[in-house]
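Written below as structure tokens is the structure these notes are about.
Readers should treat all values here as calculations from the given coordinates under stated rules, not as data from a laboratory. All values derive from a computational prediction rather than experimental measurement.
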Amino acid sequence: MGVKKIAIFGGTFDPIHKGHFYAAEIAIQKLSLDKLIFVVAKDQWRRKNIIQANPNQRLDMVNLAIKEEKSNLKTRLLNYQHKFIIESSDIDIRREGKTYTIDTINEIQSLYGIKHSYFFLIGADVALDIHNWKNFNDINNLVNIVVVNRKMDRNILPEIKERYNILTENLIDGVSDQTSTNQRLGWSNNGLIKNHGGHIKKIMNYNSVKKYISTKKLYGYE
């Protein structure tokens, strides 16, 4: 078996949305990945915003989105080179006590093997702080840290450009407005969000995820 390229895409995914999948697609195509793993965080103690959905609910939504991408020809974005290469992981949810990225990376590598080439996908906001994370030097040695930006390159600060590999892309209109924060606000506002221009538009998400949110009454949805 040759060396495979495996990316770890971690986060709370509160909730998962199409913006996450477009970012994943950028990474899959530009890095020629063999596998991308959505690792759903149990919590993020450095996070300022309160996580609203519980870990199992957030994992459920990730799995629903993956299933819809895989099965629905109208929404399939990630059938890259005729193979579906995205999966989810609950290793952070199952781990006892406070969980750190270095623990996640070590566990992923123990599952898939240390001889592969590993990438750790982060957003530009995380890139400003990741050097303060526990065992950052070990993280930097074990994986290739890649910043996936859903906006254009001019939004990346110079210090981030100097440190990390940057992937940017012109995305389909409206996708860059689809953040988890906007999604949560939108669900408490009858499914509507404001884009960067101040215009009102509907939430863009997978039908299965929207149905799950409405059924579970998440994010203030009534």
Sequence-distant residues sharing a close amide H with PHE120 (under 5 Å, placed H): ILE8, ASN144, ILE145, VAL146
Long-range amide H partners of ALA53 with built H, under 5 Å: none
Global form of the range 88-144, assessed from the alpha-carbon gyration tensor, a/c cut-off 1.5: oblate
Restraint check, LYS98/LYS134; LYS30/LYS70; LYS4/LYS30; LYS18/LYS70; LYS98/LYS216, Cα-Cα greater than 18 Å: LYS30/LYS70; LYS98/LYS216
